[in-house]
Amino acid sequence: MSGSLVIILFLFLLATGLPIAVSMGIPSALYLMMANIPPSQLIQRMVTSLNSFPMLAVPLFILAAGLMNSSGITERLFEFAKLLVGRMKGGLAQVNIVASLIFSGISGAALADVGGLGNIEIEAMDKQNYPRTHSAAITAASAVIGPIFPPSIPLIIYGAAAETSSMRLLIAGILPALVIAMALMVQVGFFARKFNYPRGVDRKFSFSEIQAITKRGLPSMLMPVIMMGGMLSGWFSPTEVAAIAVAYAIVLSLAYKELTLSSFFKTCIETLKSTAGVLFIVASAAIFAWVLTVEQMPQQVSSLMLGISDNPVILLMLSNVILLVAGMFLESTAAIMILTPILLPPLVAAGVDPVHFGLVMVFNLMIGMITPPVGMSIYMLSPIVGLPVGKVFKAVLPYLASLLVALIVLTYVPQISLWLPNLVFASR
């Protein structure tokens, strides 16, 4: 059974609607059987792929985000974002972006941003008569920032797949996330004037209101500050940061008296389900990638790409096209595990830094989360806003313009991604 047949069978099973982990696992198991490789190899390879200390950060970040959602902390973050940019024209749309940026410093996942902030943001925009389609569109587009700004579950998974420092990757995501947020805010500012969006707050906050909102929101705001400070100073590894995030979320939840024992257990159960889904995909993708490696598919693709050009500009453009298409059909975790060993070698050979490519890869795949046909953020938002999936997809399309501009900038100005980690690690 050749590598080409393995890929064809995978695509066929995926098209039938089977879960992506199963669609990767079945062809891999058949390959091992036909090659007379003991089944123990399948289990060993899958288990080994999960035996990684950095990967322990994945369930911890999922749990931290769940605790923040269930304890009302997200509402305080939204209020604080409203204080910062609420008085701008189209203020609530701008608040949507800023709140996503702040919350991304806690959750590390786009779907956590949609689930945690979606209801709050859309209800607030409803009160100011924003069209539901516009509310859904900016909520989905701003959630793309989540997996770029640290902490980031996709970047941790990429680090494991590429055998690259997760710490450098997480630090590298800070400036690109700000670039993406600025691109979206500029576009929202343009739409605010075109469609005459109202100000989020039509009056100045009084000093007492500023004090009250800051007092309510500051403890929540300290979480991303502590996490980033710990990483930038070198005090904490990504996994230790994740553990601190969970501890801090529990302390805040108890202090706010909004976390009950039943909601805590419910959050833990949801974390187990989410973690099991993510790690099952990682394990299946690891054995699938191993089969492709045995069949020398990465080397063949590398030779093909370098045969087209050894210019990093051309190779990055080609990689962007491949990743954008892959993001439309594949779940991001599976895409990272499958495509990293295939695309990274020719790019490294052409002089592209693996940390820079990691940010480019994750951003591409996050754009895929708001594009048809498998845009998970859109499917999650659809019941929240009470609109058909097709209408939400159509509403998001204009925001792809600013996201693609940001993608081009981040792709061809690598120093945006590399300057901060190089500075931090050079000082150690």
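Among Ile73, Ile26, Ile153, which one shows the biggest mean-square fluctuation in a GNM of the chain, springs joining Cα atoms closer than 10 Å?
Between Ile73, Ile26, Ile153, it is Ile26 that shows the largest mean-square fluctuation.
Kindly provide the helix-only [θ] at 222 nm of the chain, computed as the sum of -39,500 (n - 2.57) over DSSP H runs of four or more divided by all residues, to the nearest 500 deg cm²/dmol?
Value at 222 nm, helices only: -26000 deg cm²/dmol.
Hey, which lysines would be in cross-link range of Lys127, C-alpha to C-alpha under 30 Å, not counting anything within fewer than 8 residues on its own chain?
Straight-line reach from Lys127, under 30 Å: Lys82, Lys89, Lys194, Lys204, Lys215, Lys257, Lys391, Lys394.
What FRET efficiency do you get for Met328 and Lys273 if R0 is 25 Å and r is their Cβ-Cβ distance, rounded to the nearest 0.05?
On the way: r = 25 Å, r/R0 = 1.01.
For R0 = 25 Å, the calculated efficiency reads 0.50.
Find the Rg to Rh ratio for the chain, where Rh is the Kirkwood radius over alpha-carbon pairs and Rg uses the same atoms.
Value, to two decimals: 0.97.
Using amide H atoms built 1.01 Å from N in the peptide plane, name the residues 5+ places from Ser52, or on other chains, whose amide H lies under 5 Å from its own.
none
Just to be sure I follow: if Rg is taken over the C-alpha atoms of region 268-332 and Rh is the Kirkwood radius over the same atoms, what is Rg/Rh? Before the final figure, lay out each step's value.
Values: Rg = 16.0 Å, Rh = 14.2 Å.
Using Cα coordinates only, the ratio equals 1.13.
Between region 1-66 and region 296-339, what is the separation of their alpha carbon centroids in Å?
Here the answer is 19 Å between Cα centres.
Skip the ligands, DNA and RNA, and give the accessible area per residue of the chain with a 1.4 Å probe, whole Å². Intermediate values should be presented prior to the final figure.
On the way: 17770 Å² over 428 residues.
That works out to 42 Å² for each residue.
May I have the pair-distance distribution P(r) for region 212-309, computed from all Cα-Cα distances with 10 Å bins from 0 and rounded to whole percent?
In whole percents, the pair-distance histogram is 12, 23, 25, 19, 13, 7, 0.
With a 1.4 Å probe and every protein chain kept in, tell me what percent of the accessible surface of region 184-280 is carbon plus sulfur.
70 percent
Taking θ = phi - 60°, what integer Hz values does the Karplus form 6.51 cos²θ - 1.76 cosθ + 1.60 yield along region 223-238, in sequence order, with x for Gly and Pro?
These are the phi-based 3J(HN,Hα) values: 4, x, 5, 5, 5, 5, x, x, 6, 5, 7, x, 6, 10, 7, x Hz.
What's the angle, to the nearest 10 degrees (0 to 90), between helix 39-50's Cα axis and the longest principal axis of the chain?
Tilt of helix 39-50: around 30 degrees.
Give the Cα extents of region 356-428 along the principal axes, in whole Å, largest first.
That gives 51, 22, 16 Å along the principal axes, largest extent first.
So what are region 139-265's ellipsoid semi-axes, whole angstrom, largest first, if each one is the square root of 5 times an eigenvalue of the alpha-carbon gyration tensor?
29, 25, 14
Which of Pro238, Pro346, Pro39 moves the most in a Gaussian network model of the chain with Cα springs under 10 Å?
Fluctuation is largest for Pro39.
How large is the convex hull of the C-alpha atoms of region 10-60 per residue, in Å³?
88 Å³
Along region 399-404, what does the Karplus equation 6.51 cos²θ - 1.76 cosθ + 1.60 (θ = phi - 60°) give for ³J(HN,Hα), rounded to whole Hz, x for Gly and Pro?
For region 399-404, the Karplus curve yields 6, 5, 4, 5, 5, 5 Hz.
Using only Cα atoms, tell me the angle between helix 261-294 and the longest principal axis of the chain; keep it within 0 to 90° and round to the nearest 10.
30 degrees
Given the C-alpha atoms of region 327-393, compute the convex hull and give its volume per residue in Å³.
Measuring per residue, one finds 77 Å³ for the Cα hull of region 327-393.
Helix 332-349 against the longest principal axis of the chain: what's the angle in degrees, Cα atoms only, rounded to the nearest 10?
Value to nearest ten degrees: 70.
Taking a spot 7 Å from the Cα of Ile37 along the direction of its beta carbon, which residues of region 324-364 have an amide N less than 14 Å from it?
none
Tell me, what is the FRET efficiency for Val313 and Asn422 to the nearest 0.05, using R0 = 25 angstrom and their Cβ-Cβ distance as r?
Using R0 = 25 Å, I get an efficiency of 0.75.
Kindly identify region 282-374 as rounded, prolate or oblate by the Cα gyration tensor criterion: order the square roots of the eigenvalues as a ≥ b ≥ c, call it rounded if a/c is under 1.5, otherwise compare a/b with b/c, prolate if a/b is larger, else oblate.
oblate
Given labels modelled 7 Å from the Cα in the Cβ direction, how far is it in nm from Gln44 to Glu258?
5.0 nm
The values are calculated or read from the model by the stated rules, or taken from the named source; none is laboratory data. This structure is a prediction, so every number in the text was calculated from the model and none was measured. Quick reminder, even Gly has a Cβ in these numbers, built from the backbone with ideal geometry, and neighbours come from all protein chains shown. What goes into the accessible areas is simple: the full protein's heavy atoms, side chains included, and nothing from ligands, DNA or RNA. Shrake-Rupley method; radii C 1.70, N 1.55, O 1.52, S 1.80 Å.
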